Amino acid sequence: MNCQPWLKSLVYKCLNINHACLLCGESAQQPYPLCVACEQELPWLDEYCLRCALPLPMAGLTCGQCSRRPPAFEQVVAPWRYGFALDTMISRFKHRSQWPLGRLLAELLGLNLRHRYAEGLARPQLLIPVPLSKRRLRERGFNQAGMLARWLAKAVQIDCNEQWLLRSRDTPAQQRLNAKARRGNLRQAFALSDEAEFADRHVAIVDDVMTTGATAQTIAQLLREAGARRVDVYCLARTAKPGQA
């Protein structure tokens, strides 16, 4: 679903004219509406699994689950842990339609990716957002992953396609389910359109938050079965295991 013209203008003005920090209201004095102090206070993810980006006590490790059963995706890129104040920013964007916050986070993710590309991260050929069911799209009015993917596509100059991956079955919200239930909940939840062409392509799935990785795993398997050469996952935040700080 595309932004309405007046809302596009609102987001543009918020991000480009007389910046005030979207968190504290002070002058941002940066190219984006986030002051240095608030940016430093975000829960940056520094130590994580090299495969799924699960927060770990040390850097340069692979978590036990990825070691035992490597996922269908190659790598997850997530700049932050899911914690304060990032969780509030994502919630306000996702559930209160505060789009300038989503636009800001997409821009920061783009900066992070450009830095990683310069350091050798393989650059995908296509961005694919996680689709919403028709019912949830009607209720919310927009797909937050689709908006993030469109903004990110402009930031990193990579094509974005929202038509090739479809939500074929409505499912209960993943947030209410444990890891095993999430995997079962997603069986046959996604499908590819007749026009989809993933053969020999490097694709990156775009979403807001990665929790258990069940959604990313389901979609990555589907894309690999369709011939994708490599599948990565780009998201704003990665949650820790339950009970882990």
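Here, each number is a calculation from the coordinates, and none is a lab measurement. All of these numbers come straight from a predicted model, not from anything done at the bench. Ideal geometry is used to build each Cβ from the backbone, glycine not excepted, and the neighbour counts take in all protein chains shown.
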Worksheet item: Tell me, V209, V76, V36 in order of fewest to most beta-carbon neighbours within 10 Å?
Response: V36, V209, V76
Fill in: Separation of alpha-carbon centers, segment 56-91 and segment 214-236, rounded to whole Å
15
Worksheet item: Once amide H atoms are placed 1.01 Å from N in the peptide plane, what residues at a sequence separation of 5 or more from E47, or on another chain, have their amide H within under 5 Å of its amide H?
Response: L56
Fill in: For segment 45-238, share of DSSP beta bridges that run antiparallel, in % to the nearest 5
15
Worksheet item: What are the aspartates and glutamates whose alpha-carbon lies under 15 Å from the alpha-carbon of K134, with same-chain residues fewer than 8 places away excluded?
Response: E162, D170
Worksheet item: Per residue and in Å³, how big is the convex hull formed by the alpha-carbon atoms of segment 45-238?
Response: 120
